[in-house]
Structures are given as structure tokens and as C-alpha cells.
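Notes follow the structure.
The values are calculated or read from the model by the stated rules, or taken from the named source; none is laboratory data. If you're wondering where the values come from, they're calculated on a predicted model, not measured in any experiment. Here the Cβ positions follow ideal geometry from the backbone for every residue, glycine too, while neighbour counts run over all protein chains shown. Note: areas computed on protein heavy atoms with side chains; ligands, DNA, RNA excluded. Shrake-Rupley method; radii C 1.70, N 1.55, O 1.52, S 1.80 Å.
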Amino acid sequence: MKSDTLKRVFLRKRTLILILPVLGLILMGIAKKSSYFTEMIFARHIFKLLSQAIALITGIFPFSVAEVMIILCPFLVIALIIGFIVKLVKNRHDWMLWVLTFILNAACMAGVVYFFYAFGCGANYYRYQVADIVGLKITESTKEELYGLTIELADKATELRDQITTEDEEGAYVLPYSDRQLAKEAKKAFKALGKKNSVFAGLYPAPKSVMLSKMMSKTEITGIYTCWTMEANVDVDIPDYSIGSTMCHELSHLRGFIREDEANYISYLACLEGDVDLQYSGVMLALIYTGNALAGKDSDLYADAWYNHYSPEVRVDLIKGSEYWKQFENTKVSEVTEQLNDTYLKANDQEDGTESYGRVVDLLLAEYKQRNN
């Protein structure tokens, strides 16, 4: 009787879906052993085709498909559980069949989720370092070099900020057009960057504004790349000067650059190809990370840069941005999210966890030293 039930369950066509997680495991195993395969075969060809195909479908919708799925997911799970219980009660004589079928369905769903994670995200953690791709050599840097980079970025931010006239009543930067227009500018910027380096070329969908952005800010996460829908989802409640660089950060994940420090650096490069507002956003992203690093190394040098190279307008924008994020610091939600994100990154061989975001300074310094011999 039991063997007959097992046959009835596992001879169903849906059992074939269980091949998908096996393929995902095989891919992850190969990716970890061969960065050449991951970069030259998977990331630049297989992943690129897969991501662009899915993005074409989800890009039809003006809203974030991933966000809608997340909102509906709890209701779907409840409906499935209720449906399972109803079938179990109606077919008590064949309860084993329905229990095994429910387990099989759950395994199939988990298998599909893992397959898209492996092919849409996980394997790309093992591709070449972006420093090697763009021709940068990362070496030890002095605090004087860090100071030089900081004042260079501060001067650039000041120059760009002087060209901007849109401000609120307190003098803080205000985006002069809609989030949707900014998303179009981000796409244009990546198209321009792709012409300079073909590894960044390809079809990019427009980043999508998250409807529940305020709630997203409470987690202290500004953007999410979803490998199941190939969407760049962005919190648009954050300070306006951060939105453009966040869009470009998430778009870089869509080209298979999953490491956070590299996504920050590529965001900076892409923003420089955009209009003045996008450029300002990218330079401010770089300046914040670099300035924080300098402050940690030498507070006197940072104070000198702050008062002598950050314009009053740039300082206002940074102060307002800091005030915005302070309201979400050290809350239960932000602490849990931080821990989950840190665990996720370490599980993907990013040994310094969420601190890996700050490694963008190493890339910026390498570029600075290369540019200045």
C-alpha cells in the first residue's frame, strides 16, 4: 500500500522540476572551482541571456513584480495550507498520498527558488574581481592618499552642486524630475558606460520604485536586486541625492556584478556618464564612503577636508541625509535586517559581511593612484 502511494506521488510530471535544484548545485560547484568558467562562459553569456530574457517580461510592468509577489506571498501560503487541510479532511482514507503530495509540491517550489538563486545570483559571486576587469591594481594606501581622494571627490561634488538650483526650504538638494525620469537617465548612463567597456553593455530594464519605500527605509536597505524577476528595486523615500546612485547600484547586479563593493564602484562609474544630477549622486556615494574611511583614520584630516573642501550646500545635503537615517538606527527591524544581510553575505564567501560595502574605497583609491601615478 505504501509503495503504491509513493509511486502515485513520484511518477507525477512535476517531479521533473526537482532536476532544477540539482542543476543549481552543479553550477555552484563549478563556479566555486573555476572563476574562468564563471566569468567567460556563465556571467558574460548564460547569465546575460537569462537575465535579459526575464527582464524583458517583468519590464512590461511599471511596478515592481517582486514587491507584489512579496506582498501576496503570505496570503498564498495561507491559501495553500488551507487547501491542503481541506483535501486531507475530505480524503482521510488516502491521507498519506496528500501529505506526500504536499511535501513534493513544497520541494518543487523550493527547488525552483534555489535554481533561480544559483543562476541569477549565487554563481556570480565567483566571477573575476572587477578590479581585474577594469584594469585596477589594489595596493595598500596611506592616509595621505585617502585624504587626497577625499578632497578630490569633495571638490567635484562642490562643482556639481553649484550647477544645481533645485532645493527645499532648508537648502537641501531636491531631485528636479520624477523617479521614473531618473530611472531612464540611469539606463542611458549604463548604455554610455557599456560603450566604454563592453562587459557593462547589454539590455537594462528601468529601475523600479518600491511602493512601500518608507517601510523599506526602516530596514535600512536602500535597494534590492531580485534574481527571480531580474528587477532593480529602489527605495525612493531616501534622500534625493542617493536615489540615482542606488538605481545604478542595483542595475549593476543585473549585469552579474553581485559583490556589494563592486556594485558601488560600478554605480559610481555609471553615474559619471549621466546628467549633472546623476553625476552628483554618484560622486556623493563615493564621497560618503571615502569621507567615513578618512574620519576613521585621521579625524583632523577629515575636519580639514570638511571645512575647506565640502561646500556649505554639500554639507547641508550630507547633514540632512544623516538626520534621515538616524530615525531608523538601532531599531529591532534594522538590527534584524542587518544580521540577516550580514549572514547572507558571509554565506556567499563575503567574509566581512556587510562591511564589504565599504571596500569600494579600495577601488576608488586604486583608480585615484592610477590617475595620479
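A straight line joining the Cα centroids of the range 252-267 and the range 156-191 runs 21 Å. For the range 1-147, how big is the tail of P(r) above 22 Å, as a whole percent of Cα pairs? Looking at the range 1-147, the distances longer than 22 Å represent 62 percent of pairs. The label-point distance for ALA53 and TRP95, in a model that sets each label 7 Å from Cα toward Cβ, rounds to 4.4 nm. Maximal additional length on extending the ILE19-LYS87 stretch stands at 21.7 nm, based on 0.36 nm per residue less the C-alpha distance. Compared with the dominant Cα axis of the chain, that is its longest principal axis, helix 332-347 is turned about 80°. Between ASP300, ASP277, ASP155, the residue with the greatest mean-square fluctuation in the GNM of the chain (Cα pairs under 10 Å linked by springs) is ASP300.
Available extension along the chain between ASN373 and ALA106 is 90.4 nm, counting 0.36 nm per residue and deducting the alpha carbon span.
For the chain, the Kirkwood estimate of the hydrodynamic radius, built from every pair of different alpha carbons, is 22.6 Å. The amide H of ALA232, built 1.01 Å from its N in the peptide plane, has LYS208 as neighbours under 5 Å, considering only residues 5 or more places off or on other chains.
Note on LYS195 and SER35: their simple-model spin labels are 3.2 nm apart, each label 7 Å out from Cα toward Cβ. About its Cα centre, the dipole of the chain is roughly 2980 debye, where the only charges are +1 on Lys and Arg Cβ and -1 on Asp and Glu Cβ.
Largest accessible area first, the listed residues HIS45, HIS93 line up as HIS93, HIS45 when surface is computed with a 1.4 Å probe on the assembled protein chains.
Computing Rg and the Kirkwood Rh from the Cα coordinates of the range 252-309 gives a ratio, Rg/Rh, of 1.08.
Protein heavy-atom accessible surface, 1.4 Å probe, per residue over the chain: 51 Å². Spacing of the modelled spin labels on GLN327 and PHE61, each 7 Å from Cα toward Cβ, amounts to 2.9 nm. Remark: the ILE26-GLU140 segment gains 37.4 nm on full extension, using 0.36 nm per residue and subtracting the alpha carbon distance. Across the range 281-306, the residues whose backbone nitrogen lies under 14 Å from the label position 7 Å along the beta-carbon direction of GLN163 are 281-284. Scanning the chain for trypsin sites (Lys or Arg not before Pro) in DSSP loops with at most 15 neighbouring Cβ atoms within 10 Å leaves 138-373 as the longest stretch between them. Computed over protein heavy atoms with a 1.4 Å probe, the carbon and sulfur contribution to the accessible area of the chain reaches 62%.
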